[in-house]
Amino acid sequence: VIGTRVYLHTRQGGNEGVACFDLESGQQIWKQSYPAPYKMNSAAVSHGEGPKSTPVASAGRLFTFGISGVLAAWDLATGKQIWGHDFIKEYQETWPDFGVAMSPLVEGNVVIAHAGGNKEGMLAAFDTATGAVRWSWKGDGPAYASPIVVDLGGTRQVVTQSRDNIVGVAASNGELLWKIAFSTSYTQNIITPVLYKDTLILSGLDKGVFAIRLKKSGSTWSTEKVWENADLPMYMSSPVIAGDYLYGMTHKKKGAYFCLDARTGATQWETAGRDGDNVALLTTTSSILILNPAGELLVVKKNPKAFEMVRKYQVADSATWSAPSFAGQRLLIKDVNTLTLWRIE
């Protein structure tokens with residue numbers, strides 16, 4: 001959502017579409033599409049054909065990353081495509097097992113994305129104006145986590161989970177600063193790193209949740225584990241920070257919401273379970289919003305002492321895989337076939 005316009009990236013048959021709508025009326029302003037053939041992995045059929053990546057906008061351009069690996073830039077005002085990469089010439093595979101899911105990130109005048117497939121790939125910075133590669137790190141293929149940019153150890157760096165590692169590379173030139181070997185069952189590194197003060201909080205399927213602190217001696221970087229909580233591993237749902245506490249969902253007990261102390265890793269509370277396999281979490285001034293795939297929106301108080309649900313709303317008639325988006329005091333929800341605008345009161 002930018003100003004009075006809403007931008008949406010969706011699949012329609014064999015194509016992926018990019019569209020712009022007026023926020024107040026829902027009227028379509030422009031629409032573009034491009035061929036995006038994609039064969040789903042049988043294990044991911046229940047999660048839909050994507051795209052799974054959230055678009056990002058900067059300097060009059062919208063950047064999308066399709067499920068089959070098409071990275072493109074579009075003019076926000078007109079919808080005209082400015083540049084695009086499909087990576088077919090660079091890599092034998094252009095998406096990992098379950099399709100592209102990482103969301104691109106704009107850093108200054110570059111957009112950062114992790115291209116490639118299971119065998120090889122590159123975490124790269126593309127010029128926002130031309131699409132030219134400004135730097136790349138080719139040490140591992142892409143996973144499903146989205147990168148973040150942080151200032152740690154006096155260095156601005158891109159931190160992400162790759163296929164078999166957690167890595168930090170210099171935001172200026174892509175130089176590898178540090179790396180932690182990190183692999184999950186069926187190669188499913190999904191959780192986006194979270195910054196809490198000077199620590200990074202990380203997790204993965206059956207890997208617990210843990211915090212690390214970076215250290216630099218001369219030109220050499222190292223990592224130190226600050227704390228670990230083995231009871232609350234996360235699988236598909238990236239957590240959120242509110243004050244000194246981390247709110248998230250563990251895949252244990254067939255899905256349970258939890259709160260832990262981001263300073264120590266101590267569990268504050270955990271629900272009884274059977275809450276589902278994945279959710280999208282957002283924070284407001286006083287609440288945590290939780291959208292589950294059944295189209296239910298839970299409003300939960302920011303309360304480190306207990307799980308306190310204020311309200312539960314049915315906001316969609318079909319599956320809600322897309323992350324919701326704020327528009328001032330309103331919330332946009334995308335289900336399988338519909339985009340709806342809700343007022344928050």
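The values are calculated or read from the model by the stated rules, or taken from the named source; none is laboratory data. None of these values were measured; they are calculated from a predicted model. FYI the Cβ positions are ideal-geometry reconstructions off the backbone, even for glycines, and counts take in every protein chain you see. For the accessible areas, the whole protein counts, side chains as well, though only heavy atoms, and no ligand, DNA or RNA atoms are used. Shrake-Rupley method; radii C 1.70, N 1.55, O 1.52, S 1.80 Å.
Table: residues versus (1) within 30 Å of residue 185 (Cα to Cα); (2) in a loop (DSSP other than H, G, I, E, B); (3) open to solvent by 40 Å² or more (accessible area, probe 1.4 Å).
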position	(1), (2), (3)
18	no, no, no
90	yes, yes, yes
93	yes, yes, yes
115	yes, no, no
118	yes, yes, no
125	yes, no, no
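Being within 15 Å of residue 182 (Cβ to Cβ), aliphatic (A, V, I, L, M) and either in contact (Cβ under 8 Å) with a residue 40 or more places away in the chain or exposed (fewer than 14 other Cβ atoms within 10 Å of the Cβ) (or both) is the filter here; which residues of the stretch 205-229 pass it?
Correct list: 205, 209, 211.
Checking residue 12 against (1) touching a Ser or Thr at 6+ places or on another chain (Cβ under 9 Å); (2) polar (S, T, N, Q); (3) farther than 28 Å from residue 276 by Cβ: exactly one of these is not met. Which one?
Only one criterion in (1) touching a Ser or Thr at 6+ places or on another chain (Cβ under 9 Å); (2) polar (S, T, N, Q); (3) farther than 28 Å from residue 276 by Cβ is unmet by residue 12, namely (3).
Mind checking which residues of the stretch 143-186 are over 19 Å from residue 100 (Cβ atoms), open to solvent by 30 Å² or more (accessible area, probe 1.4 Å) and of a type outside the set (Ser, Thr, Tyr)?
Passing the criteria: 149, 151, 153, 154, 156, 173, 175, 176, 179, 180, 181.
Taking the options 260, 289, name whichever one is within 30 Å of residue 202 (Cβ to Cβ), modelled with pLDDT of 95 or more, surrounded by 15 or more Cβ atoms within 10 Å (Cβ to Cβ) and out of contact with any Gly (no Cβ under 9 Å at 6 or more places or on another chain).
289
Out of everything in the stretch 20-43 that is over 23 Å from the mean Cα position of the chain (by Cα) and part of a loop (DSSP other than H, G, I, E, B), what residue ends up being surrounded by the most Cβ atoms within 10 Å (Cβ to Cβ)?
23
For the condition open to solvent by 30 Å² or more (accessible area, probe 1.4 Å) and on the phi < 0 side of the Ramachandran plot, what is the one hit in 327, 294, 319?
None of the others qualify; the one that does is 294.
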